[in-house]
Structure formats: C-alpha cells, structure tokens
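*Asks:* Dropping the structure in here first, questions after.
The values are calculated or read from the model by the stated rules, or taken from the named source; none is laboratory data. Fair warning: this is a prediction, and the values are worked out from it, not measured in the lab. Counting neighbours? That spans all protein chains shown, and the Cβs are built from the backbone with ideal geometry, glycine included.
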C-alpha cells in the first residue's frame, strides 16, 4: 500500500515544488494582495507597513533609473509603474476606510498630518495641492510628452536602423545571431517608448484619483464625525482634514518619486556610465565654474543683499573649479606620458637587423586618440571586429586572414589610421570617435549638419554628425554607422583587394596538409608530381584576384590534375578552374530573384577582338591599335556608369576565349568591372542585358 502511494506523491511533489519556486506565483500573490488591500480592512500597524513598503519601492525605482546605462535595461518599467500605482491606490482605499471607520490611520499618517504640516490643515491642503501640481502639471506632463515624441521618432527611425543592421550583416561585421539580437533590441525599444507613452496616463489618473479621494474623505469624515460620533464641527473638521492630508502626503510622496523616475528614464540617452557620472562629466567645465564663481562673488557687493549665502556659493564654485582643473592637468600629464614613451632603439647588430627581414602580412597603425577602439573591456572593439572579418573572409573567399598587427603610431595625427600590407602603406584615413558617419542614400534631398568627408572604403561622400542628430539623419534617408564600423569596413575592403598578396606559400602548404589528412587522394599525385607548390599558389592567386572563392581546394586540385599535363601556365589553369565553378561564380553576382544583370559586346566588336587575340607568355592577350583600345575602354566605362546608376554591379559578359584577355585589358583602368564568360553562367540563372558595347 505504501509502495503504491509513494510514486504518486513523488510525481506530485515535482510540479508543486516548481510552482512554489516560480516567480510567476510571486506576481500572482502580489496582485491578490493589491486586490485584498481594496476589499479587506487592515489594522493601523499593517497600514504603516504598507506605506513604508510603498516609500521603499518608490525610492528604489528612482535610484534604479539613475544607475542604469540605457533605458532598455529597465524595459519592464511601464509594467512596474502600473503595479506600483495599483498598490498605492489599494493603500489609499484602505487608509480611507480606516479614517472613516475609526478616525485613525496609523502612526505614519499621523506624523505626516501633525509633524510635517505643523497640525495646520490649511497648510496641509496647500502643500498637498502644490505636490499635486508639481506631479500632474510639471513632471507627469513633461514625461508624457517626451515619451510620446520618443515613441514617434523611434518608429520613424526603425527602417534606417534595420538597413544599418542588414549592411553590417552583409559586410560580415556581425553574424546572424547578432543581427537577430539587434533587431529584437529595436523592437523592444519601440515597444518600450510606446508603453511609456501609455503608462504615463496611469500616473495622471492616480493624481486625479488622489484629489477625489481627499475630497471624499474630508466631506465623508466631517459628516460621520458630526452626525454619528457627535463631535463638534470644528473638532471634526480638524481631525478628519489632518488625517486626510497626512494620508494624502504619505501616498503622494512615493507617487512623486515614481513620477520623477519616469521622467528620468524617458529623458535619458544611451551611455556607458550611470547618470551621476555622465552628468558631472558633462557639466564639469573649468571656464564655466570660474566665471560663475566670479559673478557670484561680485553679487556680494550689491547693497542690501546678504553676503554669507553668496560667499558660500562663491567658495563652493571656486573649489569645484580647482578640482576640475587639477583633473584636467592630470589627464594632460597622462597623455604627455604616453607621448614621451621612448621609441625602441634602432637595430644595430646583425642579429637585430635579421629580425627586420620578416615583415607582418597586415599592419594597422592608429593614432593615440583611436586607442580606445582596442579596449578589451568594451563589448564591441576592433579585436572582435577583426575576428568577424576573419570568419567572413573564410566563408566568402576561403582565405585565412593572417594575424593583424595593431600598433599605435604617435607620428600619425590623433584620429588617423594607416593600413599596411607586407610593410607597404595601401590605405589611410581618419575617423572621429565622438561622431557618427552619415552616408546619404540615392533619394536624399535635405542635408544634415556636420563635417563633410569621404567614406574611406568605397569613396562615397559622407558627413560626420553628432549622436544627437542620428535620428534626424536616418529619417532623411542617411545610413548612419559608428566609427568602429567605418574602420572595420575599410579594413575588410582592403583585405579583399589584396587577398592575392596575403596568400603565402606557407599558407598554401598548410591548406594542402589539412586537405591531405581528410582527403589524401586529392593531393597525392598532383603536388608536387604534376605541379609545384609555387604553381598551385599562383593559380589560387589568380582566382583570388577576381574574388573567386578557393574554399573547395579539393575540387580545384582535381581540375589542375586534369589540365596540368597540357599546360602549366597558372592563368590558363585558373581559367579552367573557373569553368567548373559556374554555380559558385553566378551565385556571387545574381540578385535575390536569380537574375544576372550584365552588358555585352556587339557581334562586330567580338569579331574584331577575336582577330586581335594573340598568344603570349602569360596567356592570351589583345593586340590592337591604341586608339581602338582607348575607345573600347571609354565605351565600357559608359556602360559601367549606366548600370551603377540603376543600382547594379557592372558585369561584362563575353565569350570564353576573350574573357581573360579582356580582363587584362581593363583591370588597370576599370578595376571594379567584373568580366564573366558565357560558360560561367550556371543553369537556371536568368540573364538580363542592360547595354551593348560597340567601339
């Protein structure tokens, strides 16, 4: 019998324990408690406990709004505001019941009625009305308006923020999970400000209800005291008005704190510090404090004004100016200390000079103002972005990005950076950490205030704007990115453009060793029997030069094995590899509808180019008159501009035998042109021609 009941009790204990540990149960009990406050009479001691709890919660809510870094860290504030308002209303009803039934409402209410307002109910009414005006007209009205405007601007800015997330995702700066989290944050922000706009109505209704309850308590208490308790009219008025005012003050002081918390949270902007640090950091200005101290000190000499208050304020401002100036001098000394760091001694011995023979594949030199970008304590820094770039290049090109050496260079301007490939400078630019880069879209008509510049990665016109102007710029059609994204995007494009230079023999050897472990037959008999390591490297470099992925190294080696007995020319072998990668190449350039947008050569021009085709040591080339070549480049350039104006990547589609020769002809003058052969278009890909080149 006992054995049959034990499993049943065990099966019930698990869900019961989960229910008892559930936080939802606490919320349900809290709601039941609030409803109970409205229905069940409470003794005065319990009323004191509830009033004290209301004050403690209100103080905690206001402090929490000051210590958070961004409003979304307290996204449940609208719900908390509703619960706290219901809790106060429940306490208010319980106190009113106790006042009308027993002519008492606990020690806290009595203290507020006697001590704070001095036992004078006229003063109490005035103070109560002043609190209601401050809460209702000033704080609540302003917070409601700010929440309404913030909700509208947040909804209007959502499309621009979504486009910025898509741009970072396409650039490889973030992965799919990070993009999903950022989209969720945008939705949460919009929901938060929308909820705050509605939640402010709770506080307004609470204030109106407090006034009505006060009037009901005064009139009802006066009638009960005179008619039922037989109290003199003056005594009844004194007793019930003081109790009502004391109860109103005890309830409305927490309400005022919560209203102030609501105003603080909707007026806060996103920052990396708490409100106190941010506030004192921005108002601690030496010039302002010094001039303020002088002006306040001069007011001491105005006849009739007391000298002590102005003297105390003058001394306080002077002391604050002194400490602000000392902090600024210490900061300058720290910067000077960084600048005074001795440079490493130049190489003198042969051993030291041998160390200079080996150069880093990629170097990033930054000015000292950009050092915060590599701060390990930051959630999003340059080191994490480089890790994302490495993953992106591996997935996109199959290239393993070497270690990026980051150095601070005091010879650069503070906000400048320089990118080196194998010791040679290939790109340089400047960014402003205290601003955002706004890139105009195609339909932007109204400019935004800022510092004009050029986006370094793609050479687009842009503007450095203040963070306060971000929403305005996004509404006008600008794409707004932070300085770290500007630098990482530029670095990504530089690495893409110099991918062949970064593919070393050692890297190719490691790739072959890795492939040999997983698929030995793909490597054996090819390297080094048919092709040397340098020849395989040259083929892979030819592919990377036109951004053809080399991830499928096994498939590439199979093609090389089939053609190496005919030719060992890396360019010819690379063309053979391209013919087997039609699906991969087409998928790089077709749009989401599976359409490839191109322009082609006229039949007469194709025939002319075929007749000019000659064989050379580096593969096929075009031997033609210089004037014809120049006209051909001009016509191709015109087609490229026309396609770019329509929003398409310029792609020239030509016969297979002309592709390599044409690519060599245009790669210096038109490096952004993609040259594809007809045979490199995969089956199922729709081709749409937008123009015809006829020279």
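*Asks:* Go through the range 623-655 and give me each residue that's crowded, with 16+ Cβ neighbours inside 10 Å and either in contact with a strand residue (DSSP E or B) (Cβ under 6 Å, 6 or more places away or on another chain) or under 21 Å from residue 680 (Cα atoms) (or both).
*Replies:* 635, 636, 639, 640, 643, 648, 649, 650, 651, 652, 653, 654
*Asks:* Within the bounds of the range 70-91, is there any residue that is over 20 Å from residue 198 (Cβ atoms), assigned by TED's automatic domain parsing to the domain that holds residue 208 and either loosely packed, with under 12 Cβ neighbours inside 10 Å or at pLDDT 80 or above (or both)?
*Replies:* The answer is yes; a qualifying residue exists.
*Asks:* Would you check which residues across the range 363-387 are crowded, with 19+ Cβ neighbours inside 10 Å and in a helix (DSSP H, G or I) and list them?
*Replies:* Let us first name the residues in the range 363-387 that are crowded, with 19+ Cβ neighbours inside 10 Å, namely 363-367, 369-370, 373, 382, 385-386.
Matches in the range 363-387: 369, 370, 373, 382, 385, 386.
*Asks:* May I ask you to verify whether residue 602 is surrounded by fewer than 16 Cβ atoms within 10 Å (Cβ to Cβ) and either touching a strand residue (DSSP E or B) at 6+ places or on another chain (Cβ under 8 Å) or assigned by TED's automatic domain parsing to the domain that holds residue 443 (or both)? Let's see the steps before the verdict.
*Replies:* Values: surrounded by fewer than 16 Cβ atoms within 10 Å (Cβ to Cβ): yes; either touching a strand residue (DSSP E or B) at 6+ places or on another chain (Cβ under 8 Å) or assigned by TED's automatic domain parsing to the domain that holds residue 443 (or both): yes.
Criteria met by residue 602.
*Asks:* Oh, and also: Which of the residues belonging to the range 513-534 are surrounded by fewer than 18 Cβ atoms within 10 Å (Cβ to Cβ) and in a helix (DSSP H, G or I)?
*Replies:* Within the range 513-534, 513, 514, 515, 516, 517, 518, 520, 521, 533, 534 qualify.
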